[in-house]
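The values are calculated or read from the model by the stated rules, or taken from the named source; none is laboratory data. This one's a predicted model, so the numbers in the text were calculated from it and none came from an experiment. With ideal geometry, Cβ positions are generated from the backbone for all residues, glycine too; neighbour counts draw on all protein chains shown.
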Amino acid sequence: MRPLIIIRRIPNIDFMGLRHIGFALSGLMTIASIVLFFVNGLNYGIDFSGGTIIEVRSLSGAADLGKMRADLDSLGLRDVTLQNFGGPDNVLIRLQEQSDKTQEQTVNQVKAKLGNAFEYRRTEVVGPTVGAELIKAGVEATVLALFAIAVYVWFRFEWPFGVGAMLSTVHDTITTIGLFSLLQIEFNLTTLAAILTIAGYSINDTVVIYDRVRETMRRYKTMDFAELINKSLNETLSRTILTVSTTALAVLSLLLFGGEVLRGFSIAMLWGIVVGTYSSLFIAAPLLFYIRPKRAAVQSGDAGEVAARGKP
C-alpha cells in the first residue's frame, strides 16, 4: 500500500527569511487582541454573566420570532434575546441576570405570556456568583494548561524549546480571544473548552517540528542554524498540510451542520487550527534562532537515550 503524500518533493521555502514579517504580524495581532479585549470586552454567555435560558419548541411549526419578541417586550424585561436553536421550531430565550426573588417570577411570566403554543423543554438559571467563579476557574485552567505545556516541552527537549512553545501557544490563545471580542460571538464554557483544545492542537504541531529540529541538529552538527530550521520546517510541511486539512474539514462540518450550540466552539477551533499552524511555522521555530538550544546538550541527550536503550 502506497503512503499518502501531499508534497512529493521536499520544498525549499525560506521560512527564516520571512521571520521578521511573521513576528511583526504576530505582534500586531496580539496587541490588537489585547486592545479589543479591554475596549470591547467579551460577549459573555449565561455561563459567565449569569441569567436564564429557556428552551422552547413551537407546537405549530416554525416559530415566529418577531411575534415572540413583541410579546416578551411587553413584559418590560431587560435584554431579552431570542434565537433559533437546531431548527425553525426550536427557540432559545435568554434573559438577563436578575435577583433570586424575581428569577422564578420572570420565568413564570414568560411561560404565561407565550401560553400553551410551546413546549417548554428546559430552563437553566446561572447566578452572578456562579458566573464569576466560572470565569476565575476558566482563567486558572487556561494558565495552568499553558504552564504545563511549557514544562512538558522543557523536559521533553530543552528550555529554549519550552519558551518557544509557550510563547506561540500564548499567542494562539490571545488572538482567539481577540477574534471573539472583535466579532462579539458569545463566549461560554464551550468556547473555553475550544481554547484549551487549540492549545493542545498547537503544541502537537510544534512538538513535531521541534523533534525534527533536534534530529537535524544531531545529524548536521555544523550546519548554519537558520538553514537547519528551514530544512526541518520544509521536511515536516507535508505532515502539517495533511493534518491541517483533515482537521479543518471536520471542524468545518461542525460549523455548517452542528447548529447554534456548537457555533462558537467551531469558530474558535477553525481559527485555532489556522493560527496554531501559523505560529508553529513562524513563531515557535524561528524563536529557536534567537534562544537556540546548545548543540552539545542535544548531542549528550542523544547519547543518553542510546545508553538507556542499551544500544552501542
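From 149, 185, which residue is within 19 Å of residue 45 (Cα to Cα), touching a residue at least 24 places away in the same chain (Cβ under 8 Å) and aliphatic (A, V, I, L, M)? Steps first, please.
Numbers: 149 fails: within 19 Å of residue 45 (Cα to Cα).
The conditions single out 185.
Quick check on segment 250-259. Is at least one of its residues in contact with a helix residue (DSSP H, G or I) (Cβ under 8 Å, 6 or more places away or on another chain), touching a residue at least 24 places away in the same chain (Cβ under 8 Å) and under 23 Å from residue 192 (Cα atoms)?
Residues of segment 250-259 in contact with a helix residue (DSSP H, G or I) (Cβ under 8 Å, 6 or more places away or on another chain): 251-252, 254-255, 258.
Now restrict to residues that are touching a residue at least 24 places away in the same chain (Cβ under 8 Å): none.
The answer is no, given that none of the residues of segment 250-259 is in contact with a helix residue (DSSP H, G or I) (Cβ under 8 Å, 6 or more places away or on another chain), touching a residue at least 24 places away in the same chain (Cβ under 8 Å) and under 23 Å from residue 192 (Cα atoms).
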Hits in segment 20-48 (condition: at pLDDT below 90, under 19 Å from residue 179 (Cβ atoms) and in a helix (DSSP H, G or I)): 47, 48
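Table: residues versus (1) hydrophobic (A, V, I, L, M, F, W, C); (2) in contact with a Lys or Arg (Cβ under 8 Å, 6 or more places away or on another chain); (3) modelled with pLDDT of 75 or more.
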| residue | (1), (2), (3) |
| --- | --- |
| 56 | yes, yes, yes |
| 66 | no, no, yes |
| 102 | no, no, no |
| 114 | yes, no, yes |
| 117 | yes, no, yes |
Residue check, residue 53 exposed (fewer than 15 other Cβ atoms within 10 Å of the Cβ) and either touching a residue at least 24 places away in the same chain (Cβ under 8 Å) or among the acidic types (Asp, Glu) (or both): no
Which listed residue is farther than 20 Å from residue 279 by Cα and either modelled with pLDDT of 80 or more or touching a Gly at 6+ places or on another chain (Cβ under 9 Å) (or both), from 156, 122: 122
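Kindly establish whether residue 73 is in contact with a strand residue (DSSP E or B) (Cβ under 8 Å, 6 or more places away or on another chain) and at pLDDT below 80. Break it down stepwise before answering.
Details: in contact with a strand residue (DSSP E or B) (Cβ under 8 Å, 6 or more places away or on another chain): no; at pLDDT below 80: yes.
No; evaluated as a whole, the condition is false for this residue.
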Selected residue (criterion: nearest to residue 92 (Cα to Cα)) from residues of segment 37-51 that are over 17 Å from the mean Cα position of the chain (by Cα) and of a type in the set (A, V, I, L, M): 46
Matching residues in segment 10-50 - criterion: being over 21 Å from residue 85 (Cβ atoms), surrounded by 15 or more Cβ atoms within 10 Å (Cβ to Cβ) and among the charged types (D, E, K, R): 19
Considering residues of segment 203-230 that are at pLDDT 85 or above and of a type in the set (Phe, Trp, Tyr) only, the residue farthest from residue 146 (Cα to Cα): 225
